[in-house]
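*Asks:* Sharing a structure, written as structure tokens. Questions coming.
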Amino acid sequence: MRAGWRELTDEERELLLTLPIEAAARRFGVGTATVVRWRRAIRSSTERDALAEPDHTGRPHLRIERNGPEARVLSDRQYRVVVLSDLHLPWADPDAMLLAREIVRDVDPDLVVVNGDLLDVWALTKWPVSPPTRSFAGELQRVREQVAELATWAPNRPWIWLDGNHELRFVRYLWRRASELWEIDDLDLAHLVRAPSNWLHLAHVEGYGRRSEAVIPQVRLGRLTVLHGDGLRLTGMTVNVARSVYLRVLKPVLVGHWHRAQVYTQTDYEGQTSGAWVVPCLTGPRAHYDAGRLMDQGLAVVDVHEAGLFTVHLVHFVLHGDRLVAIYGGRRYERILGAARWW
């Protein structure tokens, strides 16, 4: 793990984990919040090392390298990734989740990426919501149960969970209402939701970063960058989200956040093709955000090939009579609508 401009030694890592927070801050000449962030990064790097254990089943061997909020996936051969976005637990749509579960288990990916807004943090929002729903303890308990079920979709594969703007709700609530609790390690979101040990959580960092380093959670899959998208600061009225995202970053990128399914590709003067993909959500329409059902449901499957080349398959979930239907890899998946729960 890097601490500012240099690598920490094993001895310094041990000191960071064992010294009281204030003593560690004095020892390294940084603020207590920085010590908390470094501790979380060290624990995440330990989880990363566990994710990189050799696989003796003939599957691709993935190595996940982390630098701050960025993770780079390396492999000795082609590998397949499922990207899930905007579940907003505990408010995920039961029909969409059951359909997604069937597809994920059938695809049997080498890696699963949860691209932001895994949980909603409804009870801590600064916006007015129904008073009976403002119990974070109750919401968190349901999230824990659902994360435990979600993990069974690919139990023996590494997962990477990126923070989105809804995870930031929790962080900002602590900053705004309970800053005295910010330095408590057990209030880390991955700990709170009881994320399994094969999950790597990429959280937002504080303050300013270096120009050469990532400052928002993201995953590199070959030449493709996966990030939630809220940090791109597009207006909520954007019509062609994929094109606007591409013109913002000018590199191959896959985002979530907008609850839409869109693709935009562009070939430059030298014949190089790039583009942007917007992954749909797995929650339902929200009356206080959206006008009716102006949203898409589904997921993405990314195949990463040699030299960093990749293909992105957006798997759309569409309404067809009394069923929710998806087609991927020449197979039709469907479920009768009306499921009461998915976990």
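The values are calculated or read from the model by the stated rules, or taken from the named source; none is laboratory data. These numbers come from a predicted model, not from an experiment. All accessible areas refer to the heavy atoms of the entire protein, side chains included, with ligands and DNA or RNA removed. Shrake-Rupley method; radii C 1.70, N 1.55, O 1.52, S 1.80 Å.
*Asks:* Report the gain in length on full extension from N240 to T152: 0.36 nm times residue separation, minus Cα-Cα distance, nm rounded to one decimal.
*Replies:* Answer, rounded to one decimal: 28.2 nm.
*Asks:* Please state the relative contact order of the chain as a whole percent: Cα pairs under 8 Å, 6+ residues apart?
*Replies:* Here the relative contact order equals 19 percent.
*Asks:* Here's a follow-up. Multiplying the sequence separation of S197 and F136 by 0.36 nm and subtracting their Cα-Cα distance, what value in nm do you get?
*Replies:* My answer for the length gained is 19.6 nm.
*Asks:* Please report the carbon-and-sulfur percent of the accessible area for the chain; probe 1.4 Å, protein heavy atoms only, DNA, RNA and ligands left out.
*Replies:* Carbon and sulfur atoms account for 50 percent of the accessible area of the chain.
*Asks:* With every atom except the alpha carbons ignored, what do you get for Rg and Dmax of the chain, in angstroms?
*Replies:* 20.1, 65
*Asks:* Output the antiparallel fraction of DSSP beta bridges having both residues in the chain, as a percent to the nearest 5.
*Replies:* Here the antiparallel bridges make up roughly 65 percent for the chain.
*Asks:* Here is a further query. If M97, M295 are ordered by their accessible area, calculated over protein heavy atoms with a 1.4 Å probe, which sequence runs from highest to lowest?
*Replies:* Result of the area sort, largest leading: M295, M97.
*Asks:* If you don't mind, there's one more thing I want to ask. Which value in deg cm²/dmol, rounded to the nearest 500, describes the helix-derived mean residue ellipticity at 222 nm for the chain, given -39,500 (n - 2.57) per DSSP H run of n ≥ 4 and division by the residue count?
*Replies:* Helices in the chain give a 222 nm mean residue ellipticity of -8000 deg cm²/dmol.
*Asks:* In segment 161-289, what % of DSSP beta bridges are antiparallel (nearest 5)?
*Replies:* DSSP beta bridges in segment 161-289 are roughly 60 percent antiparallel.
*Asks:* Just to make sure I understand: if all protein chains stay in place, what is the order of K251, K126 by accessible area at 1.4 Å, largest first?
*Replies:* K126, K251
*Asks:* Which whole-number percent gives the relative contact order of segment 132-260, counting Cα pairs below 8 Å spaced six or more residues apart?
*Replies:* Reported relative contact order: 24 percent.
*Asks:* How far, in nm, would the chain grow between L19 and R105 when pulled straight, counting 0.36 nm per residue and subtracting the alpha carbon separation?
*Replies:* Contour length minus Cα-Cα distance gives 26.6 nm.
*Asks:* Per residue, how much accessible surface does the chain expose to a 1.4 Å probe? Answer in Å², no decimals.
*Replies:* 50 Å²
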